[in-house]
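Structure record follows, encoded as structure tokens.
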Amino acid sequence: MSRDVRPLLADDENDEDVFSLEEDAQYVLPQRRYLYAPISYEQAMMPQRPMWHPLYWYGLVREHWHIVDALRPPERLRMALERVGTALKMVWPHNRMHQTILIVFGLLALLSYANWAVGRALPHDPEDPALYWDFEGKLKHDVEKVQLAQRPDDGVVVQNATWSALYCSSTGKPLRFIDAVHCKAHTNFSLVAFPGPSSMTSTDHTYLFVNPVLSEAQEWYPREANLTQEQLARRPRKAPANVYVVTRPTPSAGDPHRDRILVDITATYDRQAAALIQHAKVAKLSHGIVSEGVLLLTHELPDYGLFASDQHESLRFDIVVSIPEGQPVAGLVMDVREGNIHVFTDHAFRRAHHLLREARGQVNSHGWPFLGSPQRIRVPPPSDTELAEMARLARVDHFFGRLTIYAQHGAVSLGGRMHVNSEMIVKTLRSLIETAAHLVAQYVYLWSYEGSVVLRNSTSVAAQKVAHFSSHQGSIGAEPEVAVASSHTDVSTIDGQIVANGVWHANLSMSMATHDGPIHAAVAVHKPALEEVPYEDFLRLGHGRRVETQFQSRRGAVNVQYVAHDAGVPLASTAHSIDGPVQVAHPASFEGRVVVQGHPATWLPGASRPGRHVVDEQRTTLLRSASVVLDEQARGPAPPLPPAMPPHLEPGKNPIHYGAESRAESERQAASVALV
């Protein structure tokens, strides 16, 4: 028996059993005889510690450190790594700029691989826009599933547009990741201008809607006094459309369109943005029984950022509306979300000439198309004969039943001579309204929220009932050669100024008001026109004999000059400002009571005049008052009046009996009234 086995036997055990175990063990696979090695002296002397004790974990790591040693690379691998590191040190650049370039390229490669790997690992979403790397593919994906349809009140489609490709040419402007080539296409429609004999006084109309905002039943004046920035922002962006309303020469007797309005639409789009025009809805609509119109709906313009700048328009339209010379129009309604509208202006005639020539193919091309190079297109300018014809057509009188123009993000320019049977309404949200036209209507409304309203030289406005000019944040301006006449004239703005040069004729009531800006006005006073005066105004204004004018500013100056005053017409004038000075100047024919209140108050009766009497004068530092009366001979004869109109003054009465007065008041500045 071996020495290893003997110590494990007791004294009374049989050795034969041990030998039998050794004989049986030769048929058994070798196994470890001791499950655990005997503990060492250090382990035996180590005190028992809990698991949270640091020395417990230190001893555990020391006991199993041989596992970490087994993971060390072999010597050959370490030598190979050292040689690779030595080679890299030899080829690694010592210039820091070169090192930076290598690091950037390495990071770019790593990022590209990570992006590809993550994209391969994650599940694919067919609606994921990141799957479309090119402009054209992404645009098709965005617009192909969107269906455009007209609003229920816009009418029924009777004819869809048929586009004719014109040409593709170079823009000459580089774009980002898009070829700088745009293409043009053309389509046209014809609309009835005057459906029936009574169309001038009916609701029959012709309309043009380009991504419309307002419905026809909605009030033209805003319901909210203050619009939010979200309502004012141009979001979402849609294709702009510039509209040019012009007159075409008198058609021949055999022309099938001699009494119809022609609408020519030219679309300009990027060659890679053809999906926008392909999926746009352009059609002729029928509204009611006889009214017709054109509707143009487009998708939102792509706002991809990477491919094009924010100001780039991938699609835009130019629309020419041509009316036959001498042809009355029952009504014309235009609602354009984005784009400028030019009505009978010189610019409108020039652009219409350019676009119609382009549509007929009367252009000059330059380039190398057989080599695949985009051509450059040039439209010949109009000749002197054509310019003379444009100038003649711009002076033609145009007759409308009503005229309504709305442009949300665009300006409106008016020209020519327009006679409107009922009302003329022009409204913009953020842009300018300017006119150099001769306007005759019962109601004239020019309104802009953030833009200004400007009456250019040669403008003439004759409103039988109401002339309204207003802006919320813009100014109201009139150049020197302007004439405005209306029974009720209302001019108002909040943050802008009112510069009413020219001559503003007042024959019943006039009001000009601003919150922060100054007021400068030149006014002529005439006998009230009583044909259409409401009965309440007739009683309030001295049985139709008195004219009332009001000028109010909170912080600005008020300067009113009466340039003319019909003899014997009672005038009640009020000019008031809180923080600004007030100056009022009357002609020598003024009669009435004068009240001046200011810091200081000044009353200048002017040079003495035969037959003029200044009575009841009161003079203090802050208040001046007096009464000015003229004799009948000094007053002069009244202008001739129709027999149905009452005389200016009843026998034995003067304008003071009808409330004639001139008030100039400033709470913190100087105020003055003068007779010149």
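The values are calculated or read from the model by the stated rules, or taken from the named source; none is laboratory data. What you see is a predicted model, and the numbers here were worked out from it, not measured in a lab. Reconstructed Cβ throughout: ideal geometry from the backbone, glycine too, with neighbour counts over all protein chains shown.
The table for this structure:
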| read-out | value |
| --- | --- |
| Single unsatisfied condition, GLU300 versus (1) at pLDDT 90 or above; (2) surrounded by fewer than 21 Cβ atoms within 10 Å (Cβ to Cβ); (3) acidic (Asp, Glu) | (1) |
| Residues within segment 267-289 that are part of a strand (DSSP E or B) and over 17 Å from ASN211 (Cβ atoms), tallied | 3 |
| Matching residues in segment 560-576 - criterion: being out of contact with any Phe, Trp or Tyr (no Cβ under 9 Å at 6 or more places or on another chain) and either assigned to a strand (DSSP E or B) or surrounded by fewer than 19 Cβ atoms within 10 Å (Cβ to Cβ) (or both) | GLN561, VAL563, ALA564, ASP566, ALA567 |
| Any hit, segment 487-504, residues being touching a residue at least 60 places away in the same chain (Cβ under 8 Å), assigned to a strand (DSSP E or B) and among the charged types (D, E, K, R) | no |
| Which listed residue is of a type outside the set (Lys, Arg) and modelled with pLDDT under 85, from GLY85, GLY137 | GLY137 |
| Per-region count, segment 375-414, residues farther than 17 Å from LEU208 by Cβ, at pLDDT 90 or above and in contact with a His (Cβ under 8 Å, 6 or more places away or on another chain) | 4 |
| Which numbered condition GLY606 fails, given (1) touching a Leu at 6+ places or on another chain (Cβ under 7 Å); (2) part of a strand (DSSP E or B) | (2) |
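To keep it simple, each residue is scored yes or no on (1) outside any loop (DSSP other than H, G, I, E, B); (2) in contact with a Gly (Cβ under 9 Å, 6 or more places away or on another chain); (3) modelled with pLDDT under 90.
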{"residue": "GLU216", "(1), (2), (3)": "no, no, yes"}
{"residue": "GLN231", "(1), (2), (3)": "yes, no, yes"}
{"residue": "TYR244", "(1), (2), (3)": "yes, no, no"}
{"residue": "GLY254", "(1), (2), (3)": "no, no, yes"}
{"residue": "ILE261", "(1), (2), (3)": "yes, no, no"}
{"residue": "ASP264", "(1), (2), (3)": "yes, no, no"}
